[in-house]
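Beneath this line is the structure, given in structure tokens, with notes to follow.
The values are calculated or read from the model by the stated rules, or taken from the named source; none is laboratory data. Everything quoted here is computed from the prediction, not taken from an experiment. Positions of Cβ are generated from backbone atoms using ideal geometry, with glycine treated the same way; all protein chains shown enter the neighbour counts. These area figures cover heavy atoms from the full protein model, side chains too; ligands, DNA and RNA do not enter into them. Shrake-Rupley method; radii C 1.70, N 1.55, O 1.52, S 1.80 Å.
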Amino acid sequence: MSNSFRTTNSTGLINKDKKINFTFNGTIYHGYEGDTLASALIANGVHLVGRSFKYHRPRGFLGVGVEEPNAMVQLHDGNKSEPNIIATEVELVEGLKAKSQNCWPSVQFDIGEINNVLNRFFPAGFYYKTFMWPKSFWMKIYEPFIRKAAGMGKAPLLPDPDRYEHNYEHCDVLVVGSGPSGLASALAAAKNGARVILAEDKPNFGGSLLTDEVTIGNMSGKEWASDTISQLKSMPNVILKKRSQVFGYYDHNMTVMIERVSDHIENPSKYTPRQRLHYIRAGEVIVSTGSIERPISFGNNDRPGIVLASAAKEYMKVYETLVGKKPIIFTNNDTAYSTALEFIKNDIEPIIVDTRDSSNGELVKEVQQKGISIKFNSGIADTKGHLKINSAIIGKLDSSKESFISEETVECDCICMSGGWTPTVHLSSQAGNKLKFNDDIDAFVPDKKRQKETAIGAANGSFTLNQSLAEGFQVGFDLSNKFTDQNNPTNSPNSNEPSYEKHEKLWCMPLPSGKKPKRFIDFQNDVAVSDVELAIREGFRSIEHVKRYTTLGMAGDQGKTSNLNGLQYVSKIEKKIVPEVGHTTFRPPYTPVTIGAIVGREVGNHYLPTRKSPIHTWHEENNAVFVAAGLWQRPRYYPMGSEDMNSAVNREAANVRKNVGICDVTTLGKIDIKGPDAPEFLNRVYTNAWLKLPVGKARYGVMLREDGMVFDDGTTSRLSENHFHMTTTTAQAANVLSHLEYYLQVVWPDLDVNVLSTTEQWSGIAVAGPKSRDLLSKLFPDVDMSNEGLPFMGLVDSSIDGIKARIYRISFSGELAYEVNVESNYGLYTWKKIMEVGQSFDIQPYGTEALSTLRIEMGHVAGAELDGRTIPFDVGLNSMVSQKKDFIGKRSLSKDAFTESDRQTIVGLVPLDKKTKIPEGSHIIEDNSAVAPIPKLGHVSSSCWSVEYNNPFSIAIIKDGKNKIGKNLYAVSPLKDISIPVEVVSSHYVDPEGSRVRS
Amino acid sequence: MLEIKCPYCGKRSQNEFSYGGDATIKRPQLGEEISTEDWDNFVYYRDNPRGKHSELWHHVSGCRQWFKVSRDTATHEIFDTCKMNEDFNV
Amino acid sequence: MQKYSVFSLVKNAFTNHENWEVAWKDPEPKKEYDVIIVGGGGHGLATAYYLAKEHGITNVAILEKGWIGGGNVGRNTTILRSNYMFDSNAHFYEFGMKLWETLSQELNYNVMYSPRGIINLAHSDAQMNAYARRGNSMRLNGIDAILLGRDDLKKMIPFADFSETCRFPIHGGLMQPRGGTARHDAVAWGYARQADSMGVDIIQNCEVTGFDVNNGKIEGVQTSRGNIKTKKVGLCVAGSTTLLADMLNMRLPIEAHVLQACVSEPVKPLLHNVVTFGAGHFYCSQSDKGEMVMGGDLDGYNSYAQRGNMPMIQHVLTGGLAVFPNFSRLKMLRTWGGIMDMSMDGSPIIDKTHIEGVYLNCGWCYGGFKATPSSGFVFAHTIAQDQVHELNSDFNLERFHTGKIIDEKGVGPKPWIG
């Protein structure tokens, strides 16, 4: 039966000369170039594609494009495996592998179908009413059972091997959809000189012109579309994008479009991305997204072989494929008759069932003239056929159309149904357009716009070609005129199309006599008419409640074929008109979008940029183990031989205390501050006094937020009268700069000060330890390194091998220490030079861990203490707070809670056994035998092994800390099941007088 | 993605900017005697209208200037932007 | 009221489910109520339920401008947890966890409480230490918490990025095993159904347009469906709190911000815990339907729009792929936004106000859903007794003046900073 469902004509868009092999559920089939997976399967007589979500009912194809709710497959395997792909959107490519999902062991025989047999026990919301007793069963039995049934396809377990790209575009006019109105508006706008982007979801431009029998000017619709595309292609101001879905319409006319770049190519180059996400900022957006045909609800209307009439037509006309050979056309309107005529062209005589009493439409007459009789005033009551439809029960409707008078069974292999058309208003609605209900077409159409968005053609409820073209040319010209001065309108050509009579307001058939088959509204989520009835019966009367209670419209198709039918049914039960019922909100995305495409290139190691100091290569070459500090990579320690971290850190820290160490501090934030008001500005920013800092001197400063919490700390030095160099912590560098700019530009614009980040301009090298003076004297023989020549907190400019260097005598380690700053490009050279000269002083590099050890021993606070919740008094910075002047955040410090005597403050802790290191994050308690909830005195913020005293030491912030010194308490970490008796000591554990830094 | 007109650089996409909140807050003068309540109003209390909101934005990935934006908090429409020392036109 | 059970379900199946009663009635507002709750969201419905159940106050109306459960209770990512560091939060949320554990039985409505465990991933030792501080605090407060190592996590989420090229490798994590999820809509509907059965009037499509205050006392509420007298009004309108407070001339330390979330298409069960990324804004759980429910951070500017913008979705999903690179080929199905009442210290406000008979429940930031039972419980107490419950005594307005703020994140009064 290979391709036995192909038509004999070749008027479509497939290339029968190029065969393409593919696999579905393990069977190899072939289709042709231009086929979709859907059309190729149908051509091979395969309609059973998958199983529905809840009842595991056999499902096939309903549609032909993005509206498809049923035909979902799993594509490929391994790291390219992809779940929940709708077969109608997959272009056939050699070797494509697809399989059914949500079924086991096979799509033909699926155990899960038991749910269908028992479906009377699973109405909407059944899970809210049961699975509650006994209580313990929910987590252990019920939920695991429900979860097992969850999901449709399977997620891959491996990272995605493909690439995704982003592109940013600007244009005057974006046209979404290339049907007649879209093409007309793009042409008019482009001819008038505007920059136009035309986006089409499908692989071919033309929309309904590819399937409708119409003429425009002296051409067929299809020829006109192709001619218009050729014209647009030749224009430099036009970008044409097919396989491109505009899925989101956001604020300020920003639309987002997903382009399928390479899935349809057999062997794409490895440089070709799989998909490309386009952010398009458009001056005006023309929404010419057309309309989607509505299904009709009737008994068992979900069997494979039951399709939308327009889809059947498109399969015949575009894909040269027959959805069946014994078709029933079931309609409430005229448009389905064009599908009937297409079957007749292929020598197939359809049975036509029309709910209306009569119709005098041109197509109806044409069908009748061909000798086909039409069953008016009739409807389909039920269908039969397990894995594919094989017969329908056609009923004669009574005058109220609420029941059937008589029923007959008719054999068939497909039903092509049409309940009329729903304008695709999603983008307009996303853009903020308040929709209005149009009674003539029984659907919502765009109304008052909030953004620069204009719906035209079928998306605007204009269902005739004439109207669509007229709107297209007019709107295309009008909108483009806002951007160009060409004033060059294009006239709409004459067109010819059949006339249609009105549809009947009937979308749900009565039940067949004596039976209650499911009449589905939302196919994928298995929401039937009875579920909507139940929701309303139980008081879920708002349309949003109906949606949430029944899950109507919440499946992968997001209700493209079901929302309006649901609404219409609610309005019928509630005896309200549809606009009173209202509609649910349309949200982006219009169609599901690959997450990888939304993310683009920022994956794996490129998740965020990696910042490296200019000395990074030396660290790498010298065995450094790195640690992330924000975006930076910093050397954490430099293990020698088989050293573990603790031994390496202790060695590095001890060497600083004993000899001299070198540490890369390039990552510290650096801000250049200039201007006559710079001292005054610093005086306001920092808590201590700055007006009298002499030139050539540095000072430690603490800055607060206005709420009184410590924001950052660092050393700032005065380079000249009006020129300062500020350093910040690595973590807060960017925030401090914004903070300074805020106060200079917003709060105190009268201050004449400029600030500029120089973090990346300087390389910073700390040289610390008792031998640092000797080392630096050797490196900078011209500089007097004595206490008189370069005292603590002094600075001096010098040079090393002709490289300008600035030497600060500052210390974080608490030892005699210097910081050498050179231009970034000379950082590596200078570092190597210091190492080279330092050999004779037993110099060793030290990383951030040893740096921490050194500062913790000294009781210097850092990020763990300055966590955004501490005021200066909490962390022992009392002396930094000026009583004489005002500064940012000062007023907050006098708040009641901030001045309480037993506030948590900083202390040191030493374990009584002098051995057990106290884990950071431990809490301090008084009573080790208490049971939860246990009152906490505070927590351990930083811990180290004191290289000075050779025992553990920690910094903690505890209640009434000052008065607890000398007391014994417990540091506990219940997470690690640790309780350590500790003695509270001063946080300044080593050299509390600070004599070493001044030595 | 919002499109914000920096008064110094022109229209740019939102990802070049960072937000700074209510622009109507006036910091008390330095050294000013001020009640706790007035001070806390400055630190913790903001305008929070549904509709036109005067707010600060910072062109961090651009000219690094702070400026004022008049924006609708319900529709996100931007009515006007101006420099710190200017007033909105609309 | 009909009792829901497997027996009633089976019984009704044989009558085609035609005999189910309404879950709640649709009454006309009366002239006067003892208590009016403004806002038919989770907190409002829960408050009304506990007023009736715990305090015997049943002459209560819930006024909802739209449809009940349409605000944040129906727009969140359904996460339940009590993994807080500060005592005020820890005790309050832990009380809530205990209510969650029996809520389905109490309400006779399956809210699908699912204690699947919430894991905060850590990507550095410093972060592990910060988590340990919080976890230890939880344990000392009697709340479950465990530390997980990298190897533990490899077993639990083997598809996460444990590769060499990972930008921020996973060091370990902090887990609250009893944390988890619940079905958000069911919570609103379950409370509504029980409140209704005890005599509470749930009045939808009824917008409050003003308040009658006389001599510092509340006397009534003006609504789109007429004026209603009352002596007590509880405001439970997170997202719109400022708009109602304006009618009462109250200025609040609150800003409205939009928080987005999104779901993937449903896939077969894969992720069995709630996981939060520690080096970016992303968290995720898989629903019982199979969808990956994902969220992250605020859009970052004041907003009353229940919809967000694309940059934050991109930002959040970028964080998502940094943890779970295999999610790349899944598809994002649906996005939505909710309006957050962002308080200036990130903690809620449940308090009396300067107007006698007006009570305030707001400032829930990102965390209102999990607080639904405990918030309703203590707010009902506060309204009924005219004094705060021990559990909400720290969630007062006064703290912004005394300095006893409860800032779990430590970023200060800039709610848009994540």
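Values computed for the structure shown
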{"quantity": "Length-normalised contact order of region A:890-985 in % [C-alpha pairs under 8 Å, at least 6 apart]", "calculated": "36"}
{"quantity": "Over 15 Å [Cα-Cα, region A:890-985], rounded percent", "calculated": "59"}
{"quantity": "Within the accessible area of the protein assembly as shown (1.4 Å probe), percent carbon and sulfur", "calculated": "50"}
{"quantity": "Partners for A:LYS313 among lysines (Cα-Cα distance below 17 Å; same-chain residues under 8 apart left out)", "calculated": "A:LYS202, A:LYS222, A:LYS325, A:LYS326, A:LYS345"}
{"quantity": "Region A:295-419: C-alpha gyration tensor shape, a/c 1.5 cut-off, then a/b vs b/c", "calculated": "oblate"}
{"quantity": "Cα long-axis angle, helix C:372-385 against chain C (0 to 90 degrees, to the nearest 10)", "calculated": "30"}
{"quantity": "For region C:160-175, residues shielded by at least 20 square angstrom of accessible area compared with the chain on its own, probe 1.4 Å", "calculated": "C:THR165, C:ARG167, C:PHE168"}
{"quantity": "Gain upon complete extension [A:HIS723, A:LYS436; 0.36 nm per residue less C-alpha separation]", "calculated": "96.9 nm"}
{"quantity": "Accessible area per residue in Å² at 1.4 Å probe, computed on chain B", "calculated": "45"}
{"quantity": "Residue-normalised accessible area of chain C, given per residue in Å² at a 1.4 Å probe", "calculated": "30"}
{"quantity": "Efficiency of FRET between A:ASN646 and A:ASN735 - r from beta-carbon atoms, R0 45 angstrom, step 0.05", "calculated": "0.85"}
{"quantity": "Isotropically averaged projected area of region B:30-90, using the convex hull of Cα atoms (one quarter of hull area), nm²", "calculated": "6.0"}
{"quantity": "Exercise: per-residue mean of other protein chain Cβ atoms within 10 Å, A:599-612", "calculated": "5"}
{"quantity": "By average C-beta atoms within 10 angstrom, highest first, the peptides A:590-597, A:670-677, A:871-878, A:988-995", "calculated": "A:590-597, A:871-878, A:670-677, A:988-995"}
{"quantity": "Highest-first arrangement of C:238-247, A:755-764, C:181-190, where packing means the average Cβ count within 10 Å", "calculated": "C:181-190, C:238-247, A:755-764"}
{"quantity": "Selected from C:VAL35, C:VAL208, C:VAL323 as most flexible by GNM, with chain C as the system and alpha-carbon contacts under 10 Å", "calculated": "C:VAL208"}
{"quantity": "Drop in accessible area of at least 10 Å² in the complex versus isolated chain, residues of region A:899-948, 1.4 Å probe", "calculated": "A:GLU900, A:GLU920, A:GLY921, A:HIS923, A:ALA932, A:PRO933, A:ILE934, A:LYS936, A:HIS939"}
{"quantity": "Residue mean of other protein chain beta carbons inside 10 Å, C:330-340", "calculated": "6"}
{"quantity": "CD proxy at 222 nm, helix term only [per DSSP H run n ≥ 4: -39500 (n - 2.57); per residue of the protein assembly as shown; nearest 500]", "calculated": "-6000 deg cm²/dmol"}
{"quantity": "Where chain A is the region considered: accessible area per residue in Å², 1.4 Å probe", "calculated": "37"}
{"quantity": "Cleavage-rule hits, GluC sites (Glu not before Pro), region B:30-90, DSSP coil, Cβ neighbours within 10 Å at most 13", "calculated": "B:GLU32, B:GLU33, B:GLU86"}
{"quantity": "Accessible-area ranking of A:THR687, A:THR730, C:THR165, largest first, probe 1.4 Å", "calculated": "C:THR165, A:THR730, A:THR687"}
{"quantity": "Region A:636-756: Lys pairs at Cα distance under 24 angstrom, eight or more positions apart or on different chains", "calculated": "4"}
{"quantity": "Cβ-derived FRET efficiency at R0 45 Å, A:ILE978 paired with A:ASP774, nearest 0.05", "calculated": "0.55"}
{"quantity": "Between helix A:221-233 and chain A: long-axis angle, C-alpha atoms, 0 to 90°, nearest 10", "calculated": "30"}
{"quantity": "Peptide C:259-271, shielding by other chains (average Cβ, 10 Å cutoff)", "calculated": "6"}
{"quantity": "For region A:935-968 and region A:223-296, distance of Cα centres in Å", "calculated": "64"}
{"quantity": "Distance-filtered residues of region A:731-754 - backbone nitrogen under 18 Å, label point 7 angstrom along B:LYS83 Cα→Cβ", "calculated": "A:741-754"}
{"quantity": "A versus C: buried accessible surface, summed, Å² (probe 1.4 Å, to nearest 100)", "calculated": "10100"}
{"quantity": "With DNA, RNA and ligands ignored, accessible area of C:GLU398 (1.4 Å probe; Å², nearest 10)", "calculated": "100"}
{"quantity": "Burial ranking of peptide ranges A:919-931, C:358-370 (average Cβ count within 10 Å, highest at the top)", "calculated": "C:358-370, A:919-931"}
{"quantity": "Centre separation in Å (Cα based) which lies between region A:300-371 and region A:90-150", "calculated": "35"}
{"quantity": "Estimated Rh, chain C: Kirkwood, alpha-carbon pairs, angstrom", "calculated": "22.1"}
{"quantity": "Using a Förster distance of 35 Å, the FRET efficiency for A:THR272-A:ASP227 (Cβ separation, nearest 0.05)", "calculated": "0.70"}
{"quantity": "Mean-position separation - Cα centroids, region A:42-64 and region C:220-264, in angstrom", "calculated": "48"}
{"quantity": "Above-threshold pairs, the threshold being 19 Å between Cα atoms, out of A:LYS54/C:LYS268; A:LYS518/C:LYS331; C:LYS31/C:LYS231; C:LYS11/C:LYS289", "calculated": "A:LYS518/C:LYS331; C:LYS11/C:LYS289"}
{"quantity": "D_trans [Stokes-Einstein, Kirkwood Rh over alpha-carbon pairs] for region A:1-157, 37 °C, 0.692 mPa s, µm² s⁻¹", "calculated": "190"}
{"quantity": "For the pair B and C, total buried accessible area rounded to nearest 100 Å², probe 1.4 Å", "calculated": "2400"}
{"quantity": "Convex hull volume of the protein assembly as shown per residue (C-alpha atoms, cubic angstrom)", "calculated": "184"}
{"quantity": "Whichever aspartates and glutamates have a C-alpha closer than 18 Å to that of C:LYS3, once near sequence neighbours (fewer than 8 apart) are set aside", "calculated": "A:GLU538, C:GLU18, C:GLU21, C:GLU106, C:ASP196"}
{"quantity": "Under 12 Å from the Cα of A:LYS436 - aspartates and glutamates, other chains or at least 8 residues apart", "calculated": "A:ASP447, A:GLU580"}
